[in-house]
Amino acid sequence: MEQTNGVVIYASKYGTTERYAQAFATLMGLPLCDLKQCQALASEPGIEKVYVFAPIYRRVIMGLPEISHVFDPAKVVKVFVVGMTSPEDHATIHFLQEQMLDYMPNATMQLLGGKIVFDDISMSDKMLLRVMYGFEKRKALADRTPTEQRLVEMFEEGKADMTDMTKIHDAVSSLEKGVS
């Protein structure tokens with residue numbers, strides 16, 4: 001799909017979000033820009049659609065405030081949120097949607113699975129996950145949300161990989177058909 005009136009912006013902490021954004025940009029035929037380096041691209045004439053890829057980090061969708069200051073939030077049509085949130089965790093997904101709508105009121109959101117390898121993350125992230133794990137592990141299994149259970153399993157296994165590139169192909173197909 002050749003479309004020159006759009007751009008793909010991403011924020012990434014450990015690379016999974018960047019890989020999703022690269023695949024989407026390639027399939028859509030759009031320029032790709034790291035949030036940290038997209039200031040110049042924002043002034044390009046003719047940008048009508050902005051697609052955002054952003055990871056969830058400490059229950060916050062990274063980069064939304066920065067992107068909304070650089071690009072017109074009304075031009076953001078879709079935000080792909082990458083993380084370990086379970087699709088069955090409706091309360092957390094609603095929380096993330098509300099967060100996104102605060103910055104990008106016209107956008108729709110799509111959840112994508114993330115990837116964590118405990119040995120590859122920063123020391124502060126390891127410490128945070130240890131604290132979260134300890135808190136969630138004390139809860140009875142029936143009292144955990146699906147996302148909390150994922151956290152427990154990920155910590156005990158030392159990794160989790162929920163990446164699914166078919167979701168990118170499906171998203172592009174939907175956009176080609178005019179469905180957001």
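The values are calculated or read from the model by the stated rules, or taken from the named source; none is laboratory data. The structure displayed is predicted, hence computed values, not measured ones. Here the Cβ positions follow ideal geometry from the backbone for every residue, glycine too, while neighbour counts run over all protein chains shown. All accessible areas refer to the heavy atoms of the entire protein, side chains included, with ligands and DNA or RNA removed. Shrake-Rupley method; radii C 1.70, N 1.55, O 1.52, S 1.80 Å.
Okay, here's what the table says:
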item: Lone unmet requirement of (1) more than 22 Å from residue 20 (Cα to Cα); (2) of a type in the set (Gly, Ala, Ser); (3) not assigned by the TED database to the domain that holds residue 45 for residue 74; result: (3)
item: Members of segment 62-92 found to be open to solvent by less than 30 Å² (accessible area, probe 1.4 Å) and without any contact (Cβ under 8 Å) to a residue 60 or more places away in the chain, listed by number; result: 63, 64, 67, 68, 76, 79, 81, 83, 89, 92
item: Segment 16-61: number of residues that are at pLDDT 90 or above and outside any strand (DSSP E or B); result: 16
item: Condition check for residue 80: within 19 Å of residue 18 (Cα to Cα) and under 14 Å from the mean Cα position of the chain (by Cα); result: yes
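Residues checked against (1) in the same structural domain as residue 55 (by the TED database); (2) closer than 23 Å to residue 52 by Cα; (3) within 16 Å of the chain's Cα centre (by Cα); (4) free of Cβ contacts under 8 Å to residues at least 40 places away in the same chain:
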residue	(1), (2), (3), (4)
127	no, no, no, yes
131	no, no, no, yes
134	no, no, no, yes
138	no, no, no, yes
141	no, no, no, yes
150	no, no, no, no
156	no, no, no, yes
171	yes, yes, yes, no
174	yes, yes, no, yes
